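What follows is one structure encoded as structure tokens, with my remarks underneath.
The values are calculated or read from the model by the stated rules, or taken from the named source; none is laboratory data. Predicted model, so just to flag it, every value in this text is computed and none were measured. Glycine gets a Cβ as well: all are built from the backbone with ideal geometry, and neighbour counts include every protein chain shown. Please note that ligands, DNA and RNA were not included when accessible areas were found on the heavy atoms of the full protein model with its side chains. Shrake-Rupley method; radii C 1.70, N 1.55, O 1.52, S 1.80 Å.
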Amino acid sequence: RSDEARRSASATVRTTVATGSGLRRGLRIEGWAFTSAPSTITGINWNATPTTTGSVPWINSPSSGTARWAGGPNNRFALRLTGKIAVPAAGTWTFGAGSDDGVELLINGTRVAFHNGPRGFAVTSGSISLTEGAHDIEVRFFEASGSNGLTLSWSGPTVPTSVLVPPSAFSHDPSGQAHVAMRSGVNIWGDTTSTGASIDAFTSANGPSS
């Protein structure tokens, strides 16, 4: 109606979280530097004290010859990324772990993708049935020599074509809890004039229009 203004907002909670604090987006990362090149994922002592720790927003490191942490090496190292991954819908999800060199992907402790030795950058895929919500994720990776890279993609019921898992899907904290990710939209209707003096429509994506 031309003499009435209305507004509405909506939000969809994608994952829930237990009581706690200290929630952080992204994944926890641990790195180990070695004096000699590792040759297999299974041969690495993952219980050893890491050389460095920190966090990363997502798993998207295309193959290159660069170091993966400040002051770190570009060869002869290993990484472990841990936290939660928020699955937007129940069903079978296929994950593609791209790596140069070895990689192991574990979800809820189940091995989903695995390549044990050195290789040029390639993707190893595997599928797992998951409920909607947060699940434990662990990615183990090593680099022997040459270029190095690590990526993680997914496809499933709401993602028909394989794409990189977005940063919004990852979270971690000292208690191992998942964050709450939300989609929201706002709509405002005003009068029907076209002079620009009044807002006829507003969306969170496009802003006001007359």
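Descriptive notes on the structure:
- Selection count where residues are touching a Ser or Thr at 6+ places or on another chain (Cβ under 6 Å) and closer than 17 Å to T151 by Cβ, scope region 84-116: 7
- Any hit, region 71-82, residues being open to solvent by less than 20 Å² (accessible area, probe 1.4 Å), free of Cβ contacts under 8 Å to residues at least 40 places away in the same chain and closer than 24 Å to P167 by Cα: no
- Within region 88-114, considering residues that are outside any strand (DSSP E or B) and open to solvent by less than 30 Å² (accessible area, probe 1.4 Å), the one farthest from W46 (Cα to Cα): A89
- Matching residues, region 138-149, being open to solvent by less than 10 Å² (accessible area, probe 1.4 Å) and within 12 Å of the chain's Cα centre (by Cα): V139
- Residue within region 54-63 that is in contact (Cβ under 8 Å) with a residue 24 or more places away in the chain, open to solvent by 30 Å² or more (accessible area, probe 1.4 Å) and touching an Asp or Glu at 6+ places or on another chain (Cβ under 6 Å) present: yes
- As for region 179-200, it holds no residue that is within 19 Å of G54 (Cβ to Cβ), within 17 Å of the chain's Cα centre (by Cα) and either modelled with pLDDT of 95 or more or surrounded by fewer than 14 Cβ atoms within 10 Å (Cβ to Cβ) (or both).
- Number of positions in region 115-132 that are assigned to a strand (DSSP E or B) and over 13 Å from W93 (Cα atoms): 4
- Checked against the criterion of being surrounded by 22 or more Cβ atoms within 10 Å (Cβ to Cβ) and either of a type in the set (A, V, I, L, M, F, W, C) or without any contact (Cβ under 8 Å) to a residue 24 or more places away in the chain (or both), region 115-126 contains not a single residue that satisfies it.
- Scanning region 14-35 for residues that are open to solvent by 100 Å² or more (accessible area, probe 1.4 Å) and modelled with pLDDT of 50 or more yields R24, R25, T35.
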